[in-house]
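Some notes on the structure that comes next.
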Amino acid sequence: MFSVRFRSTRVERELQRLPEQDRSRVMLRLNQLAQDARPQGIASLDASVYRLRVGQFRLIYEVDNDAQEITVLRIARRNARTYRGLEELF
């Protein structure tokens, strides 16, 4: 089982700004990630960085197997800017 943490308070604010229904769906997926860090349907963006679709939102997260930890790097609505600047995150 993995622990899930947010990279920064900015990511936490991204989550809090979501409409209630979408926030609930994202929280459900985060809880599921704690059980299975690499579920079916994810896309690998880098060696240990993945993207998970949650409706119209994307969760970008990093997996640290040694520490058994998932770090959420970004929660964003899918658009042209979603993946811009990701290199700076990892």
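Within segment 49-69, can you find the residues that are over 17 Å from S8 (Cα atoms) and more than 12 Å from the chain's Cα centre (by Cα)?
Of everything in segment 49-69, those that are over 17 Å from S8 (Cα atoms) and more than 12 Å from the chain's Cα centre (by Cα) turn out to be G55, Q56, N65, D66, A67, Q68.
Only one of these is surrounded by fewer than 14 Cβ atoms within 10 Å (Cβ to Cβ) and at pLDDT below 90: E20, E87. Name it.
None of the other options fit; the residue is E87.
The values are calculated or read from the model by the stated rules, or taken from the named source; none is laboratory data. Just so you know, these numbers come straight off a predicted model, no measurement behind them. Note that we place each Cβ from the backbone using ideal geometry, even for glycine, and neighbour counts take in every protein chain shown.
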